[in-house]
Ligand code: XMP
């Protein structure tokens, strides 16, 4: 025995992400053209490096579909029955992989009404769809303004052919609309039937949906590796099974994973792990690990560090796991999970070796998150809670989230987060911020960022409005 003092003095200190900054670098990276695509896992490519945390106040099918639609991936939580979780995943797969609105006219509608609709919606073209649901072409604002003298003339007199897109060409439709070539395009199925309109409002610059090899939105689902029935059923639908246990480095869980990867075909993400040793132990036992979910105790709603004294800050966990994997030439992508509070936190954690960032807090206030809005003193909020919080544990299916034994002690808390509007608002903010960071560093893509980012540690930068500055 002995060596206890040494344990204290040899312990590394790792500061907060807030006190770590990237230095500007040289090069010709243009923020507008940096490539944000990344690997979520070995076989899943994303257009943006964002995943949603599998939590019951964040990730059900609506948020997962909306996130995949703009290039990320949602991980459906497992605080529900197997059937419900499978259904949630199926719903994501059933969504058209682009945000479609039902905006069209029947051929018999009067041209006056068409003009009204176009003025109201600010559109230059509207699709014409016949009573069998078949797309017939477009009517153009310019033609109607010229030719629609009698308000009752049917729009069928003003039909023009125009570019429509098959569902499989969703990415191209996105780019076409984003380039401003049209402010609306019709999306059709193989039989020429109208599925919906993609409008300029539904398009975000340069962001494409993340799709599987069949052209459907990608989706992942949380599982406990010991719950083989859930894993097997979900594996038929989802692209990835994401291990959702607080402490993955456990003999029984690892043993269960070895069986799981033999009996399922979706990508398997192991986690959560907090040390390089856990990563190496996992790869030495489990035949196929397609991704690591890294970080223990860092979540904004997480009380594990104060309850148990255990904490592997995401910043340290990600960097040390990446280093260990690289040293062994193992190219498994890392998902950084827990404690990411701002777009710049995401840039920094990616620069430290993560391939993507998993977000709970940052997405919980969006329209697509499951809880209803709450109004307090005239301000809008959404509830957000840890999956091992008391109220979440009251629900049957989370019993094993943070323990397989008898733990009745909550390891999470809940609260209200400010309402943030549609998911695409916050994602747009993150994407813009990533582009700016990468432009400063001089990185053209995420792997380039790993190589080029240099860091400096400094106290949190204060600005006017902080306590240290007084304004008159
Ligand atoms: P953020 O910081 O994005 O973190 O809100 C989300 C991550 O936190 C983890 N999580 C928990 N950790 N007790 C914990 O110790 C909990 O009740 C809890 N619920 C979620 C999880 O890894 C999630 O992705």
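Each value in this text was obtained by applying a stated rule to the coordinates, not by laboratory testing. Note that this is a predicted model, so its numbers are computed, not measured. Note: ideal-geometry Cβ built from the backbone for every residue, glycine included; neighbour counts use all protein chains shown.
Principal-axis analysis of the Cα atoms of the chain puts helix 314-327 at an angle of about 80° to the longest axis.
Would you please put 169-177, 433-441, 272-280, 187-195 in order of how densely packed they are, using the mean number of other Cβ atoms within 10 angstrom per residue and starting with the highest? Could the numbers behind the result be given before it?
Working: 169-177: 19.4, 433-441: 21.0, 272-280: 22.6, 187-195: 15.7.
Those peptides, ordered most packed to least, come out 272-280, 433-441, 169-177, 187-195.
Let a ≥ b ≥ c be the square roots of the eigenvalues of the Cα gyration tensor of the stretch 111-204; is it rounded (a/c under 1.5), or, if not, prolate (a/b larger than b/c) or oblate? Verdict is oblate for the stretch 111-204. Can you give the angle from 0 to 90° between the axis of helix 82-94 and the longest principal axis of the chain, with both taken from C-alpha atoms, to the nearest 10? Approximately 40 degrees, to the nearest 10. Evaluating kT/(6 pi eta Rh) at 20 °C and 1.002 mPa s, with the Kirkwood radius of the chain over Cα pairs in the Stokes-Einstein relation, gives 89 µm² s⁻¹.
Per residue, the average separation of C-alpha pairs within less than 8 Å and at least 6 apart gives the stretch 111-204 a relative contact order of 27 percent. Measure nothing fancy, just the Cα-based angle from helix 111-121's long axis to the longest principal axis of the chain, in degrees from 0 to 90, nearest 10. Value to nearest ten degrees: 30.
Given the peptides 295-308, 121-134, arrange them by the average over their residues of other C-beta atoms within 10 Å, most packed first.
295-308, 121-134
List the relative contact order of the chain as a percent without decimals, with contacts defined as Cα pairs under 8 Å and 6+ residues apart. If you can, show how the numbers build up before the last one.
On the way: 1032 pairs, mean separation 93.9, N = 472.
After rounding, I find 20 percent.
So for each of 331-342, 417-428 I average, over its residues, the number of other beta carbons within 10 Å; can you give me the resulting order with the highest mean first? Numbers along the way, then the final one.
Working: 331-342: 23.2, 417-428: 17.2.
Result, highest mean first: 331-342, 417-428.
DSSP assigns beta bridges within the chain; of those with both partners inside it, close to 50 percent run antiparallel. Alpha-carbon geometry of the stretch 1-115: the Rg and the Dmax are 24.1, 90 Å, given in that order. Across the stretch 208-321, what fraction of all alpha-carbon pairs, as a whole percent, falls in each successive 5 Å bin from zero upward? Over the stretch 208-321, the share of Cα pairs per 5 Å bin runs 2, 12, 21, 21, 17, 14, 9, 2, 1, 0 percent. Antiparallel beta bridges, as assigned by DSSP with both residues in the stretch 111-204, represent about 80 percent of the total such bridges.
Based solely on its DSSP helices, what 222 nm [θ] is calculated for the chain when runs of n ≥ 4 H residues each add -39,500 (n - 2.57) and the sum is averaged over all residues, nearest 500 deg cm²/dmol?
Working: 16 runs with 148 residues, N = 472.
Estimated from H runs of four or more residues: -9000 deg cm²/dmol.
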